[in-house]
Amino acid sequence: MDFHKVSHLAGEIAVPGDKSVSHRAVMLGALASGTTEITNFLQGADCLSTIGCFRHMGVSVRQQDGRVLVDGVGLHGLRAPSQPLDVGNSGTTARLLSGILAGQPFRSCLTGDASIQRRPMKRIMDPLSQMGARVESQAGNSCLPLEITGGKLHGIRYQSPVASAQVKSCVLLAGLYGDSPTSVTEPSLSRDHSERMLSYFGADVRSEGTTATIAPAPTLAAQKVQVPGDISSAAYFLAAGLIVPHAEILLRNVGVNPTRDGMLRVLEAMGASLEYVSRYQDGAEPAADILVRPSSLRGTVIEGSLIPSLIDEIPILAVLACFAQGRTVIRDAQELKVTESNRIETVTENLRAMGAHVQPTQDGMVIDGGYPLHGAALDSHMDHRIAMSFAVAALACEGTTSIKDAQCVDISYPSFYDDLKRLSR
Ligand code: S3P
């Protein structure tokens, strides 16, 4: 797909529902008693994979008038799937579902696409084994396909070596089936959507610092879930609004959970002009309307406990760093190596093809901004966030940028290119 420079970008946009919240709403809805009604559910391939997996375990999920209705079967009502559960490209489905499967009295198999079959699962195999489940990697490489033999679990106190919401959520979901409370402590706080939603569905979850603790639950109660817009999708329009010369974009209903809003804090440190037009909360998650206008940006340092709060936004922040004056240093982000692509490599490769001054490091990259980028032939490596980040870079570059496999945005934002086109002139 080809992209060109634009001079104007204006209008309002409500980005699709949050991916993390959409997955969790289906999962907890399936385990609850009663029908959960989800509005603004993200109809991206990853969340549809989650729905597919639960359907194979006997859960009815209906799409009705723009809402998703999940007829919960209760904590102990899932049926053994008659075939391997296919998580597609979705790490969140793989890791969170493993926690649920560990508590079921049946054997199941989880599989997925080529990318997910390379991503590390030892991080969930270890705690689930400590809790008493049998989790085996078929190829013996600690990756999918996984075979999970679940059953009664023990509560554990788990010290996670990584700040990962997928690991934390996996262990907390397994903790619903424990014989005593389960806690997870992480090196720094990752997104807390699971803690918020578990508590919204009636589970006893407490958070203190970087430790979350769950008590085994007798039942969960179905709820109405209003999914906020995904800040990770809004990120591309925030960036575009800052670098296209004549831009004014009003982003409606952006989820601004403080464990997810690191990009907003970094943008402010870089000198971005962001106006919070209104802030509100509907259910368990806060949201805001944000107006963005072009700004002169300066380089910054992105590191430490900030990293988990913007981990998915690093590719687009790296693009923005090229449009900022001075040096931007990204460190403590080694997790980028094990996302949908190795994002230290894929960001560096594509930025260099566009003429950027970027140096990859062990745990991030160093970018010297202020050198103009030019159009180039790029590879998305089938990574949705790489495709969207470079489609935005192309809007502020001379020449044509062509992106291979650009349609991989279907994973998290199927209408991304249509939305971008609607705002461009
Ligand atoms: C997610 C957590 C993040 C993020 C991913 C979605 C989630 O990964 O990168 O896209 O929904 O829990 P971590 O598990 O590394 O925090």
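So, in segment 285-325, of the ones that are outside any helix (DSSP H, G or I) and of a type in the set (Val, Ile, Thr), which residue ends up surrounded by the fewest Cβ atoms within 10 Å (Cβ to Cβ)?
Checked segment 285-325; the qualifying residue surrounded by the fewest Cβ atoms within 10 Å (Cβ to Cβ) is Val301.
Looking at segment 182-203, which of the residues that are among the hydrophobic types (A, V, I, L, M, F, W, C) and within 16 Å of the ligand (Cβ to nearest atom) is most open to solvent (accessible area, probe 1.4 Å)?
Here the answer is Leu189.
Report the residue count in segment 1-51 for those that are within 13 Å of the ligand (Cβ to nearest atom), hydroxyl-bearing (Ser, Thr, Tyr) and assigned to a strand (DSSP E or B).
0
Scan Arg62, Arg55 and give me the residue that is surrounded by fewer than 21 Cβ atoms within 10 Å (Cβ to Cβ), of a type in the set (D, E, K, R) and under 26 Å from Gln407 (Cβ atoms).
That would be Arg55, the only listed residue that is surrounded by fewer than 21 Cβ atoms within 10 Å (Cβ to Cβ), of a type in the set (D, E, K, R) and under 26 Å from Gln407 (Cβ atoms).
Taking segment 14-25, which residues are in contact with a Lys or Arg (Cβ under 7 Å, 6 or more places away or on another chain) and closer than 30 Å to His374 by Cα?
Across segment 14-25, the qualifying residue is only Ala14.
Before we move on, is Arg79 part of a loop (DSSP other than H, G, I, E, B) and either of a type in the set (Ser, Thr, Tyr) or touching a residue at least 12 places away in the same chain (Cβ under 8 Å) (or both)?
Yes; evaluated as a whole, the condition is true for this residue.
Identify, by number, the condition in (1) closer than 27 Å to Ser232 by Cα; (2) open to solvent by 10 Å² or more (accessible area, probe 1.4 Å); (3) without any contact (Cβ under 8 Å) to a residue 60 or more places away in the chain; (4) of a type in the set (A, V, I, L, M, F, W, C) that Cys109 doesn't meet.
In the conditions (1) closer than 27 Å to Ser232 by Cα; (2) open to solvent by 10 Å² or more (accessible area, probe 1.4 Å); (3) without any contact (Cβ under 8 Å) to a residue 60 or more places away in the chain; (4) of a type in the set (A, V, I, L, M, F, W, C), Cys109 misses (1) alone.
Out of the residues in segment 159-181 meeting the condition of being within 16 Å of the ligand (Cβ to nearest atom) and of a type in the set (Ser, Thr, Tyr), tell me which one is nearest to Val338 (Cα to Cα).
Ser164
Would you check which residues across segment 326-340 are among the small types (Gly, Ala, Ser), within 17 Å of Gln362 (Cβ to Cβ) and open to solvent by 10 Å² or more (accessible area, probe 1.4 Å) and list them?
Listed by number, the list is empty, since nothing qualifies.
Name every residue in segment 3-19 that is over 18 Å from Asp289 (Cβ atoms) and touching a Gly at 6+ places or on another chain (Cβ under 9 Å), in order of residue number.
Within segment 3-19, Phe3, His4, Lys5, Lys19 qualify.
Could you please find all residues in segment 134-158 being within 16 Å of the ligand (Cβ to nearest atom) and not in a loop (DSSP other than H, G, I, E, B)?
Across segment 134-158, the qualifying residue is only Tyr158.
Which pairs do you get when a residue that is closer than 19 Å to Leu198 by Cα and basic (Lys, Arg), found in segment 152-176, comes within reach of a residue that is more than 9 Å from the ligand (Cβ to nearest atom) and open to solvent by 20 Å² or more (accessible area, probe 1.4 Å), reach meaning Cβ atoms under 8 angstrom, with the pair 6+ apart or on two chains?
Close Cβ pairs (under 8 Å, with a partner that is more than 9 Å from the ligand (Cβ to nearest atom) and open to solvent by 20 Å² or more (accessible area, probe 1.4 Å)) amount to Arg157/Thr185.
Would you check if Leu351 is modelled with pLDDT of 95 or more, part of a helix (DSSP H, G or I), over 25 Å from Ser90 (Cα atoms) and not assigned by TED's automatic domain parsing to the domain that holds Gly91?
yes
The values are calculated or read from the model by the stated rules, or taken from the named source; none is laboratory data. The model shown is predicted, which means the values in this text are computed figures rather than measured ones. All Cβ positions, glycine included, derive from the backbone under ideal geometry; neighbour counts span all protein chains shown. Quick note on the areas: whole protein, heavy atoms, side chains included, nothing else; ligands and nucleic acids left out. Shrake-Rupley method; radii C 1.70, N 1.55, O 1.52, S 1.80 Å.
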